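Okay, structure first, notes after.
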Amino acid sequence: MTAPFLHIRGLRKDYGIVNAVKDVNLTVERGEFMTFLGPSGSGKSTTLYILAGFENPTAGDILLNGESLIATPSHKRNIGMVFQRYTLFPHLSVGENIAFPLKVRRWGKAAIDARVRKMLQLVRLEGFEDRKPAQMSGGQQQRVALARALAYDPPVLLMDEPLSALDKKLREEIQHEIRRIHQETEVTILYVTHDQEEALRLSDRIAVFSKGVIDQIGTGPELYADPATRFVAEFIGDSDFVTCRILSAKDGRADLSIGAGASISGVPVHGTAVAGGTAALMLRPERLSLRREAAREGTSGLSASVTDITFLGSSIHVAAAAPSGETISVRLPFGHEATSGLSRGDTVSLDFDPETAHVFCG
Amino acid sequence: MLLNFDRLGAWKWILLGITGLTTAFLILPIIFIAALSFGSSQWLIFPPPSWTLKWYAAFFADPRWLEAAWTSLRIAAIVTVLSVLIGLVASFGLVRGRFIGKEALRALFLTPMILPVVVLAVALYAFFLRVGLNGTFTGFVIAHLVVALPFSILSITNALEGFDKSIEDAAVLCGASPLEAKLRITLPSISHGLFSAAVFSFLTSWDEVVLAIFMASPTLQTLPVKIWATLRQDLTPAIAAASTLLIIVTIALMLLTALVRKGLKS
Ligand SMILES: Nc1ncnc2c1ncn2[C@@H]1O[C@H](COP(=O)(O)OP(=O)(O)OP(=O)(O)O)[C@@H](O)[C@H]1O
Ligand SMILES: [Mg+2]
């Protein structure tokens, strides 16, 4: 078996008593677009900074092509990075900024000029060569930063929330640019964001960070369809949770009951299910169907009463209260027959395929 | 703006009057001394009966004046270089360092600014007496460095705090060693702070008189000390000429600063 391209192993970082990264394990393939997604303070940036060599890990190792990077100082790691803040060298022109890493590497003048031109072309900023960073918009500056980081063909490109300072429209535009550039250059990218939409749009795989560990790694659809923890379920896509009681559990499936009424069998279960214990049942609003009648005994339907109806253009959002009082959201396409004449206080039955629901224990 | 100048009405004229008076109060002595330096009267009579350049001729003909000016210039130049260098290193420590008592140390570095200069002068005099530095060039430089350094540290720490460390980090990831990144990226980015530090340090030393009187010896005097000493012997208008030259250098430096600031901005 050949060594993985990039391997992060048992990474831990303590700042005094603060445990920023607990235990991060990850392998990344060559050319992959891997995103670190997670809430503020979950250790994404710290992991990236350790990769860049700005921080030393308390424990663990990082292997690139099977060789440890830890002992190599930052400037010899040959890694590219685009930062959250604008980091163009203010006294140098755009062209000189991109040329900087090449000058440091003692490239010849002709080679540098050709490379700078090629990089400007890559980020679609031809003709901006002589501008100073202060004369460029935020989006343009980040594109120059990207060109500078890619100029020396680094094996790995790190990006720490490079678009968080930009407005939504510009952000989406540059996301497309980044995708295109990733495809053109085939560089391996590690990208940090706390915006799930951005993560889903850009990545081959996503590593969901929570409190210093990776909860789950997978493609967007995998994380959405099969979240390993309640945290991942909450973070990717919309979800609601209903308290339920485990009747029995076997082979990763559980039978459960909700309130006095419905009992549901064969729901994928995560964590250790104990018969008789309570757990949280996750429901996705777009996976529920709505019938305008009380659920009958013995079916998998869930009785609820409508508390709110919101028209959202192409879809209609129905909020309903389960008997326990917990809110369940249902999203239905506009014009769906079940929504005509529906009003607050109506009793409805919510049905779902047990396979698409998940139970989280503990 | 809280105050709109155009809408002040009569207040406008009162404000203008106060501003004019203040300016006159600050500037008149300078104009007065400059005028006297060109006056023909031996006794510093104002207004001068007629105009002449003979006091400047006297100044430049007297090797003692020239030597004092040259000493001032040399001390100020060396103080400037040392103050900027030490200020730079200290500022990196104060801004980037992570250690206990950082803020206290920073305040300590600035104390010469608020300490009465006489107190400092007496203390240095007593100390230099022991180590034999009184009346020496080195003693002069050290004394002036003590009062110049706070200005240097103040402007360089300010500039360094306004500089995003991520920019230096980016240079390091680009392949520059930490030192190279500082030299090629960080220093040019804080050049306005270094420049201010240099100008303030130079001026602090250039027109400093209290410490200089304590440090001076009959053979080693700065221009302000020479002016002061001459003033006590005889009231020749050459003093006015020397003072005017002192002021011209100061004003020239201020103008240069303003020009460079403008150039750096655009
Ligand atoms: N230099 C430091 N000293 C002390 N604690 C730190 C330091 N850097 C980070 N931390 C702590 O480590 C934890 C993880 O920080 P990190 O910056 O990696 O989070 P993040 O996932 O990037 O969050 P964000 O989305 O806000 O950028 C946080 O609790 C933070 O307060
Ligand atoms: Mg971060």
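Each value in this text was obtained by applying a stated rule to the coordinates, not by laboratory testing. Source: prediction; values computed, not measured. Every residue, glycine among them, receives a Cβ derived from its backbone with ideal geometry; neighbour counts consider all protein chains shown.
Assorted remarks:
- Percent of beta bridges antiparallel (DSSP, the protein assembly as shown, rounded to nearest 5): 75 percent
- Average beta-carbon neighbours from other chains, 10 Å sphere, peptide A:63-75: 2
- Neighbours of residue A:107 by Cβ distance under 10 Å: Lys/Arg scored +1, Asp/Glu scored -1, total +4.
- Across region B:1-110, the mean sequence separation of Cα contacts (distance under 8 Å, 6 or more residues apart), normalised by length, yields a relative contact order of 10 percent.
- Number of partner chain Cβ atoms within 10 Å, mean per residue of B:154-167: 2
- Residue-wise HN-Hα coupling along region A:179-191, computed from phi with Karplus coefficients 6.51, -1.76, 1.60 (Hz; x: Gly, Pro): 4, 4, 5, 4, 5, 5, 8, 6, 7, 7, 10, 10, 10
- For region B:224-236, the Karplus equation 6.51 cos²θ - 1.76 cosθ + 1.60, evaluated at θ = phi - 60°, returns couplings of x, 5, 5, 4, 4, 5, 5, 4, 7, 8, 9, 9, 6 Hz by residue, with Gly and Pro reported as x.
- Ordering of B:148-155, A:15-22, A:119-126 by packing [mean C-beta count within 10 Å, highest first]: B:148-155, A:119-126, A:15-22
- CD proxy at 222 nm, helix term only [per DSSP H run n ≥ 4: -39500 (n - 2.57); per residue of the protein assembly as shown; nearest 500]: -14500 deg cm²/dmol
- Computed E for residue B:41/residue A:15 - FRET, C-beta separation, R0 60 angstrom, nearest 0.05: 0.20
- Extended-chain gain in nm, criterion 0.36 nm per residue less alpha-carbon gap, residue A:56 and residue A:183: 42.6 nm
- Inter-label distance for residue A:114 and residue B:5, nm, one decimal - labels placed 7 Å from Cα along Cα-to-Cβ: 5.9 nm
- Value of relative contact order over chain A, rounded to a whole percent, pairs C-alpha under 8 Å and six or more apart: 15 percent
- Relative contact order %, chain B, counting alpha carbon pairs below 8 Å whose residues are six or more apart: 29 percent
- Computed over neighbours whose Cβ is under 12 Å from that of residue A:219, the net charge equals -3, Lys and Arg +1, Asp and Glu -1.
- For region B:96-171 versus region B:222-250, the spacing of their alpha-carbon centroids is 29 Å.
- Distance violations [Cα-Cα > 23 Å] among A:132/B:165; A:44/B:165; A:168/A:211: A:168/A:211
- Helix A:138-150 and the longest principal axis of the C-alpha atoms of chain A enclose an angle of approximately 70°.
- Average beta carbon contacts from partner chains per residue of A:87-94, 10 Å cutoff: 5
- Here the Karplus relation 6.51 cos²θ - 1.76 cosθ + 1.60, evaluated at θ = phi - 60°, turns the backbone of region A:38-53 into coupling constants of x, x, 4, x, 8, x, 5, 5, 4, 4, 5, 5, 5, 4, 6, x Hz, with x for every Gly and Pro.
- Rounded to whole Å, sorted largest first: equivalent-ellipsoid semi-axes of the protein assembly as shown, Cα gyration tensor: 72, 30, 25
- Peptides A:355-362, A:205-212 ranked from most to least packed, by the mean per-residue count of other Cβ atoms within 10 Å: A:205-212, A:355-362.
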